[in-house]
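Some notes on the structure that comes next.
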Amino acid sequence: MAAIDSIRAQQILDSRGNPTVSVAVALDSGAGGWAAVPSGASTGEFEALELRDGGEDWGGKGVTAAVGNVNGAIADALRGADPADQEALDQAMIDLDGTPNKGRLGANAILGVSLAAAKAAAAQAASPLYLHLAALYSAAGGDDRGARILPVPMMNVLNGGAHADNSVDFQEFMVVPAGAESFPDCLRVGAEVFHALKRTLKHKGLSTAGGDEGGFAPDLESNRAALDYLIAAVEEAGYAPGVDVVIAMDPATSELFSDDSYELEHEQRALSSSEMADYWHELVDRFPIASIEDGMDEEDWDGWKLLTEKLAAHGTQLVGDDLFVTNPERLRRGIELGVGNSILVKVNQIGTLSETLDAIRIAHDADYTTVISHRSGETEDTTIADLAVGTGAGQIKTGAPSRSDRTAKYNRLLQIASELGDDAEFPGGSVFER
Ligand code: PGA
Ligand code: ZN
């Protein structure tokens, strides 16, 4: 058995120019693994804690304390441990932290070690990461989906909300080339639509400047106009909306909710939960929208229930992000209440790989779909691509087909697709059928 010899963290930069944690785990065999931790902007209230230094440097966003926790307490606790026993490693860090939200050591410290250890174990076994993750998933009781399903991507080509400085209330307008035959084909269609959108916006004299996830961030006259532009771009690229390409949205309404109402600032109106549900119902009737994420606030369980009932007949995928925060407990509550039918999976919301795999397993067992996701602040780390394939999640959300922090994940999936060759499966639009 190879054992952990050293764990070294350092502060690096994320895609927004903010500090984040990277971790290198070295084994006594000479094998090793490296990981970098992502960071959100529209962070859910119930996420595990991202430890930031505060103070003047880096606008308070330094992570030297989290780095210190890795190099000190965590490294001391895990030296000599078996990197292949992911659950034991993760549990040791959870115990060492001792808080319900990883608030003492920082979820950013713990996650960096958790992911880097998994990569070291994969390297030690000379196994591609997605196969190692598939083995961990099945050891944790996960359903065996064969580690050969390439995920259908939600590509965020138009950014608003907390991810852009424009006049669009909703955070993400995504194209999903669900009609494609394979992952590489799907990526090509998405990139063609992305370029067509740029031409369309330019033609109308609108800004083609970018948002945090690589999509465009034009000032538009309404939130609905964003959907019109998406449809126009799909057609301009030569595809049929609703057939070749469907739409997914993440309005991130927890960011819009205050005093029991949803404030659509740029439409100058405030909606009750029931009006918000009607709003989504109308949009789903008018546009080929296959998926809506966080259509209600993270604490508006009644609104969520209403939305789920209203859109059930449409078969719309209703994804809980801020609602579930990749947290097995919150997900179980949602399943019991019959709220949503899908979970967004973000490794840093919960802070360990083991708990992430738990959340995915619970979702699959309850027939909820799973969407593995990046954060708006990203790095060159591509773990989520392997996680999507390893667990057979079926879907991934990792931004526009633009900018290296986003394309790194798509490029990793292209690599996996070519490694799998004829064994690769691509579910296309069937991922939305439940
Ligand atoms: P975040 O946004 O990474 O800024 O939280 C992504 C999302 O809401 O899905
Ligand atoms: Zn979201």
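The values are calculated or read from the model by the stated rules, or taken from the named source; none is laboratory data. Remember, predicted model here, so these are calculated numbers, not experimental data. Don't worry about glycine lacking a Cβ; one is built from the backbone with ideal geometry, like all the others, and counts go over all protein chains shown. The protein model used for the area step is the full one, side chains on, heavy atoms only, and it has no ligands, DNA or RNA in it. Shrake-Rupley method; radii C 1.70, N 1.55, O 1.52, S 1.80 Å.
Brief remarks follow.
- Residue count for the stretch 63-79 satisfying the condition of being closer than 14 Å to Glu50 by Cβ and of a type outside the set (A, V, I, L, M, F, W, C): 2.
- Top-ranked residue in the stretch 32-45 [being under 26 Å from Asp165 (Cα atoms) and crowded, with 17+ Cβ neighbours inside 10 Å; ranked as farthest from ligand 1 (Cβ to nearest atom)]: Val37
- Note on the stretch 372-396: residues that are touching an Asp or Glu at 6+ places or on another chain (Cβ under 8 Å) and within 16 Å of ligand 1 (Cβ to nearest atom) amount to 6.
- Against the list (1) open to solvent by 10 Å² or more (accessible area, probe 1.4 Å); (2) within 16 Å of ligand 2 (Cβ to nearest atom), the condition Gly238 fails is (2).
To keep it simple, each residue is scored yes or no on (1) among the aliphatic types (A, V, I, L, M); (2) open to solvent by 40 Å² or more (accessible area, probe 1.4 Å); (3) under 14 Å from Leu230 (Cβ atoms).
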position: Asn159; (1), (2), (3): no, no, yes
position: Ser167; (1), (2), (3): no, no, no
position: Glu181; (1), (2), (3): no, yes, no
position: Cys186; (1), (2), (3): no, no, no
position: Leu197; (1), (2), (3): yes, no, yes
position: Gly211; (1), (2), (3): no, no, no
position: Gly214; (1), (2), (3): no, no, no
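- Residue check for Leu307: open to solvent by less than 50 Å² (accessible area, probe 1.4 Å), within 16 Å of ligand 2 (Cβ to nearest atom), part of a helix (DSSP H, G or I) and at pLDDT 95 or above: yes
- Candidates Asn108, Asn166 - the one that is more than 16 Å from ligand 2 (Cβ to nearest atom) and outside any helix (DSSP H, G or I): Asn166
- When Ala277, Ala312 are screened for being of a type in the set (A, V, I, L, M), over 16 Å from Ala226 (Cβ atoms) and in contact with a Lys or Arg (Cβ under 6 Å, 6 or more places away or on another chain), only Ala277 passes.
- Conditions (1) in contact with a helix residue (DSSP H, G or I) (Cβ under 7 Å, 6 or more places away or on another chain); (2) open to solvent by 10 Å² or more (accessible area, probe 1.4 Å); (3) away from ligand 1 (no atom under 15 Å from the Cβ); (4) of a type in the set (Val, Ile, Thr); number of the one not met by Ile335: (1)
- Cβ-Cβ distances below 7 Å connect the following pairs, each with a first residue in the stretch 315-326 that is aromatic (Phe, Trp, Tyr), a second residue that is more than 9 Å from ligand 2 (Cβ to nearest atom), and a separation of six or more residues or different chains: Phe324/Arg330; Phe324/Leu331; Phe324/Gly334; Phe324/Ile343.
- Yes/no for Leu227 being within 22 Å of Glu267 (Cα to Cα) and more than 16 Å from ligand 1 (Cβ to nearest atom): yes
- Exactly one residue among Ala290, Ala277 is touching a Phe, Trp or Tyr at 6+ places or on another chain (Cβ under 8 Å) and either away from ligand 2 (no atom under 16 Å from the Cβ) or within 26 Å of Gly40 (Cα to Cα) (or both), and that residue is Ala290.
- Of all the numbered requirements in (1) under 12 Å from Asp169 (Cα atoms); (2) surrounded by fewer than 21 Cβ atoms within 10 Å (Cβ to Cβ), Ala252 misses one, and that requirement is (2).
- Hits in the stretch 16-74 (condition: of a type in the set (Gly, Ala, Ser) and either closer than 17 Å to Asp97 by Cα or assigned to a helix (DSSP H, G or I) (or both)): Ala48, Gly59, Gly60, Ala65, Ala66, Gly68, Gly72, Ala73
- Hey, Arg434 basic (Lys, Arg), under 26 Å from Val246 (Cβ atoms), surrounded by fewer than 24 Cβ atoms within 10 Å (Cβ to Cβ) and in contact (Cβ under 8 Å) with a residue 40 or more places away in the chain or not: yes
- Against the test of being outside the structural domain of Tyr410 (by TED's automatic domain parsing), farther than 30 Å from Pro218 by Cα, in a helix (DSSP H, G or I) and touching a strand residue (DSSP E or B) at 6+ places or on another chain (Cβ under 8 Å), the options Leu115, Leu96 yield a single qualifying residue, Leu115.
- Some residue of the stretch 82-90 being crowded, with 24+ Cβ neighbours inside 10 Å, over 21 Å from the mean Cα position of the chain (by Cα) and in a loop (DSSP other than H, G, I, E, B): yes
- Each residue in the stretch 331-375 was checked for being assigned to a helix (DSSP H, G or I), of a type in the set (D, E, K, R) and within 16 Å of ligand 2 (Cβ to nearest atom), and 0 pass.
- Asp76 satisfies every condition listed in (1) open to solvent by 40 Å² or more (accessible area, probe 1.4 Å); (2) closer than 28 Å to Gly210 by Cα except (2).
Okay, residues lined up against (1) touching a residue at least 24 places away in the same chain (Cβ under 8 Å); (2) under 29 Å from Pro19 (Cα atoms); (3) surrounded by fewer than 24 Cβ atoms within 10 Å (Cβ to Cβ):
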| position | (1), (2), (3) |
| --- | --- |
| Leu353 | yes, yes, no |
| Arg361 | yes, no, yes |
| Arg375 | yes, yes, no |
| Thr383 | yes, yes, no |
| Ala393 | yes, no, no |
| Ile396 | yes, yes, no |
| Asp405 | yes, yes, no |
| Lys409 | yes, yes, no |
| Leu414 | yes, yes, yes |
